[in-house]
Amino acid sequence: MGQVGQVGRVGRVGLCIAFVAGAVASSGCLVLTLQPAYDDASVVFDETLTGEWANREDETLATIERAEWRSYKVTYTDRFTTRTFHGNLTKIGTSNFLDLTDVRGTDAGPYLLPVHGVFRVTVAGNVLSAAPLDYGWFTVAITQKPAGRLAAAFDDRRNVVVASTTAELRRWLVQAPAEAFSAPLTFRRKP
């Protein structure tokens, strides 16, 4: 995995988040979806997500702001870069999922597709946890089919790309095994 594989597991996941929507330098550590995890009827807004969140161990910072309609502007900064994403929160079963895409309003051309990074999120007091879909689990799922009807394949960068519809993705997320998610990134609210 090159430079990304040399950092710890949590650090690698943090770097993956930074490159989630079009990773030019990615060497295959992402699980991306072609369709969003939300539909118009399921988008929710939770004010407790907004604020500045820091992970001192990874030296990362996530700033989550209210954006238009019921969406979020998420700015993620690590030791190497700062990326800004558009986020939509959706509730599936008893869990909340934050769906991140590149900021809207830019046209990257007809041969680049917008992709989505899906994170199971919780806020407990001043602690934000965000668990991305687990790359290792999906690499096994592609060959052994434990993902059920979820359609997933590798792209030319070895990222996992889920091509299922929003409805199929939502049905899978409500019953997804715990192992399908990486260890959560944990942030503390900055005072």
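The values are calculated or read from the model by the stated rules, or taken from the named source; none is laboratory data. None of these values were measured; they are calculated from a predicted model. Note: ideal-geometry Cβ built from the backbone for every residue, glycine included; neighbour counts use all protein chains shown.
Summary table below
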quantity	calculated
Test result for G93, surrounded by fewer than 20 Cβ atoms within 10 Å (Cβ to Cβ), without any contact (Cβ under 8 Å) to a residue 60 or more places away in the chain and not aromatic (F, W, Y)	no
Hits in region 47-68 - residues which are surrounded by 15 or more Cβ atoms within 10 Å (Cβ to Cβ) and under 14 Å from S129 (Cβ atoms)	L49, W53, A54, N55, D58, T60, A62, I64
Condition check for F138: part of a strand (DSSP E or B), modelled with pLDDT of 90 or more, crowded, with 17+ Cβ neighbours inside 10 Å and of a type in the set (A, V, I, L, M, F, W, C)	no
Neighbours by Cβ (under 9 Å, 6+ apart or cross-chain): first from region 97-118, surrounded by fewer than 10 Cβ atoms within 10 Å (Cβ to Cβ); second among the acidic types (D, E) and not in a loop (DSSP other than H, G, I, E, B)	none
Condition broken by V123, with the remaining ones in (1) assigned to a strand (DSSP E or B); (2) under 15 Å from the mean Cα position of the chain (by Cα) satisfied	(2)
